[in-house]
Amino acid sequence: MDRSEIESKLNDLLVDELGIDRDALAQDAKFEEDLDVDSLGVVELLMALEDNFGVKIPDEEAEQITTVGEAVDLVEKKLAS
Amino acid sequence: MEDRRVVITGLGTINPVGATVDATWKNLLSGTSGIGRVQRIDVSDLPSKIAGEVSDFEVTDYIPKRLARRMDRYAQFFWVAARDALADAGIAYEEDDPEAYRTGVVVGTGIGGVESFEQEIDTLFHIGPHRVSPYGIPKIISNIAGGQVSIDFNLYGPNTTAVTACAASANALGDAGELIKRGAADVMVAGGADASITRFALAGFAQARALSTNNDDPLGASRPFDADRDGFVMAEGGAALILEEREHALARGATLYAELVGYGMSADAYHITLPRPGGDGAARAMKAALDHARIAPEDISVINAHGTSTQANDATETVAIKTVFGDRAYQIPVSSIKSMTGHLLGGAGAVEAIASVLTIRDGTIPPTINYTTPDPECDLDYVPNEAREAEVRYVMSNSFGFGGHNVALIFTAA
């Protein structure tokens, strides 16, 4: 899966499973400030990432994610390893 | 604080007979039932396959998607009802509005987020704890409807929840009125909701032998006080009323629908699901409400009955009414809108409060439909099948819940 595929799949997840408005999505969009994803929403996002990309994301790595682009980076790294 | 009086200045509801107050009232007066075969879930192996569903409820028509998906259906119903009631009352607060600090919420719910509970337990058992939703707990808790409404409508005042089963929203209204009377708030959003058309709730109530199994005749299944009644029909939905201190309402030129003048409570102290035979508990709640309103039994024009369509409730409520009203019981119209709405559990008392308030406004009593065969144990005037015009001064609304909770409210023209 290349980066653009990850991006597109992640965007779909954010829209379908977290209910985020597609128009608000951008690589530099911050989950908390721009997308209104609170601490509970971050947990939900992690579950969605793990289920849909088949990766395992420990809490301490999850805490580093603040933007959509960083989430893509993390998934890309996990898939490569 | 002795002088503080409580009036009703806004109404909102979404329930099986209507998605608005106007549609609800029109359908109640025309005797239109909201009951049918359950569509939302698989009922093929359940004894009771009928319910009063809020059909065509597309939640995102009412609540932003991001918000709606964090809420159980019961909280969504209350949210919609509260939104409509606030709008009807002409109340909208910006953040930090001083008035908003004097405005609170009391919600009643029987079971709270039971559908979400079922889903999360299913996930826990079949997938594991790591996939239980972070929103699981906030979705199921019974107080979240009130919390969520306070967040979205900027209501900073007293905020609590009554969980007295099928008496819950009657308690919510009574408790909210008391908060206004003692000066803790000037405005209260009060009401309730439940969304218990779920497999667990339908199975559980059926095992308690409380539900109608008249599956072949959904429209005729809820038949309060009729000899052929065989249990209540599950229903879902919510209702909210804006209670307001009378001078506060007058000062801002609000529409006054009615005044809440009486609130009585009692406990049967008898059985978890059955009413005490003889109806002593229910009668004491009605008497307490009359005392609170400082009126005599003769002053009551109409009784909006709890009237669930179970054998036990309807016979016991009838006896209790006779205990309180004596021979005059036979002259008082006693109507049960559950014949049309089904039983909204914690939402019932608030929907029935709206019906009571509109009965006062319009001088028209909604009927008890499906009344065809008199029961010797239920021999009062149940306003059978046709709405009736009447001179209405005081309306009493009864609500009784599992656990033996009895509540009576009394409304009059403002």
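List of remarks:
- With each label modelled as a point 7 angstrom along the Cα→C-beta vector, the residue A:3-residue B:273 pair spans 6.2 nm.
- Chain B: relative contact order as a whole-number percent, Cα under 8 Å and 6+ apart: 24 percent
- FRET efficiency, residue B:298 to residue B:386 (Cβ-Cβ, R0 30 Å, nearest 0.05): 0.75
- Each listed q (0.20, 0.22 Å⁻¹) maps to a log10 I(q)/I(0) for region B:1-146, found by the Debye formula over equal Cα scatterers with no solvent: -1.42, -1.52.
- Relative contact order of chain A, taken over Cα pairs closer than 8 Å and 6 or more residues apart, is 38 percent.
- The accessible area of residue B:200, taken with all protein chains in place and a 1.4 Å probe, comes to roughly 130 Å².
- Across chain B, Cα-Cα distances exceeding 39 Å account for 12% of all pairs.
- Environment charge at residue A:48 (Cβ cut-off 11 Å; Lys +1, Arg +1, Asp -1, Glu -1): -4
- Label point at residue B:311 placed 7 Å out along Cα→Cβ; residues across region B:224-265 whose backbone nitrogen lies under 15 Å: B:225-232
- Shape index of the protein assembly as shown: Rg/Rh, with Rg the Cα radius of gyration and Rh the Kirkwood radius from the inverse mean 1/r over Cα pairs, equals 1.03.
- Loop-located trypsin sites (Lys or Arg not before Pro) in chain A, at most 11 other Cβ atoms within 10 Å (DSSP): A:56
- Total formal charge among the other residues, if their Cβ is under 12 angstrom from that of residue B:268, Lys/Arg +1 and Asp/Glu -1: +1
- Per residue accessible area in Å² of region B:229-289, where ligands, DNA and RNA are left out and the probe is 1.4 Å: 36 Å²
- Eligible lysines near residue B:49 by straight Cα distance, threshold 20 Å, same-chain separation 8 or greater: B:338
- Put simply, region B:73-161 fits an ellipsoid with semi-axes of 31, 12, 10 Å; these come from the alpha carbon gyration tensor as the roots of five times its eigenvalues, largest first.
- Rounded to the nearest 500, the 222 nm mean residue ellipticity of the protein assembly as shown from helices alone is -11500 deg cm²/dmol, with -39,500 (n - 2.57) taken per DSSP H run of at least 4 residues.
- GluC sites (Glu not before Pro) restricted to region B:22-104 and DSSP loop, no more than 14 other C-beta within 10 Å: B:58, B:94, B:95
- Principal axis dimensions, region B:263-412 - Cα atoms, whole angstrom, descending: 38, 36, 31
- Computed FRET value (nearest 0.05) for residue B:62 with residue B:330, which takes r as the C-beta separation and R₀ as 41 Å: 0.40
- Trypsin sites (Lys or Arg not before Pro) restricted to region B:191-268 and DSSP loop, no more than 15 other C-beta within 10 Å: B:209, B:252
- Length added when fully stretched, residue B:228-residue B:203, from 0.36 nm per residue minus Cα-Cα: 6.8 nm
- Between A and B, roughly 1100 Å² of accessible area is buried in total, ligands, DNA and RNA not counted and the probe set to 1.4 Å.
- Placing a label point 7 Å from the Cα of residue B:37 along the Cα-to-Cβ line, the residues of region B:194-237 whose backbone N sits under 13 Å from it are B:215-219.
The values are calculated or read from the model by the stated rules, or taken from the named source; none is laboratory data. All values derive from a computational prediction rather than experimental measurement. Backbone-built Cβ (ideal geometry, glycine too); neighbour counts: all protein chains shown. Side chains are part of the model used for accessible areas, which takes the heavy atoms of the whole protein and leaves out ligands, DNA and RNA. Shrake-Rupley method; radii C 1.70, N 1.55, O 1.52, S 1.80 Å.
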